[in-house]
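The values are calculated or read from the model by the stated rules, or taken from the named source; none is laboratory data. Quick caveat: nothing in here was measured; it's all calculated off a predicted structure. Reconstructed Cβ throughout: ideal geometry from the backbone, glycine too, with neighbour counts over all protein chains shown. Ligands, DNA and RNA are stripped out before the accessible areas are found, and what is left, the full protein with its side chains, is counted by its heavy atoms. Shrake-Rupley method; radii C 1.70, N 1.55, O 1.52, S 1.80 Å.
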Amino acid sequence: MILRIYKYGEPVLETRAEPVTEFNGELRRLAEDMFETMYANKGVGLAAPQVGVSKRLAVLDHSAGEDEAAKLVLVNPEILVKEGTQIGEEGCLSIPGFREDVKRAYRVRVRAQDLDGNFFETEGEELLARAIQHEIDHLDGILFLQHLSLLKRDLIKRKIRKLVKAGEWD
Ligand code: NI
């Protein structure tokens, strides 16, 4: 099922999400729906708060559905190691129409649980590392806007306020 994507301005996006404690069918279904929603919107990652669920769950696929092995589910993820830096353009399905350069670590090592609750570690670099950092930020209530200069952030917020007024942001 394709879920509604919550947009900037909805409090759930700026709230620290709760750890997942129950690894059941409901969690599995939510992850499936999140993949479907992400693919339908051509995203490379989606975090549960973006579909209005304040839980520490994110799905990623930097192959855009081309490679089954690229599907990654992160439950209760934690970044163990960050190395290097990269600057690249980033967007967010919750802030459609806006893309900006964001500085991130080049490589990350992450510890997380899978949908059965088993712990695992994984690594990513470049686009995958960027996506992982972006999605884990979502679980902490942080949007990519917070990585921009105050000037750029205010400019985007002003543009969004105009879209809200025009009824073009819901
Ligand atoms: Ni996002």
Accessible area of segment 11-165 with a 1.4 Å probe: how many percent of it is carbon plus sulfur?
47
So if each residue of separation counts as 0.36 nm, and I subtract the Cα-Cα distance between residue 161 and residue 142, what length gain in nm does that give?
4.9 nm
What is the extension gain from residue 152 to residue 127, computed as 0.36 nm multiplied by their sequence separation minus the C-alpha to C-alpha distance, in nm to one decimal?
6.7 nm
Past the 30 Å Cα-Cα mark, which pairs from 82/165; 103/162; 71/162; 71/152; 55/82; 82/162?
82/165; 71/162; 71/152; 82/162
The helix 150-165 Cα axis meets the longest alpha-carbon principal axis of the chain at an angle in degrees, between 0 and 90 and rounded to 10, of 80
Could you pull the Cα extents of segment 23-63 along its three principal axes, largest to smallest, in whole Å?
27, 17, 14
Once label points are set 7 Å from the Cα along Cα→Cβ at both residue 41 and residue 4, what is their separation, rounded to one decimal in nm?
1.3
Taking the 0 to 90 degree range and rounding to the nearest ten, how far is the long axis of helix 25-40 tilted relative to the main principal axis of the chain, both from C-alpha atoms?
50
Computed log₁₀ I(q)/I(0) - Debye formula, equal Cα scatterers, no solvent, the chain, q 0.10, 0.13 Å⁻¹:
-0.35, -0.61
Can you tell me, using C-alpha contacts under 8 Å and at least 6 residues apart, the relative contact order of the chain as a whole percent?
23
Please report the accessible area of residue 161 (heavy atoms, 1.4 Å probe, ligands and nucleic acids excluded) in Å², nearest 10.
140
Helix 126-139 vs. the chain, principal-axis angle (Cα, 0 to 90°, nearest 10)
80
Rounded, prolate or oblate (a/c below 1.5 giving rounded, otherwise prolate when a/b exceeds b/c) for segment 1-90 by Cα gyration tensor
rounded
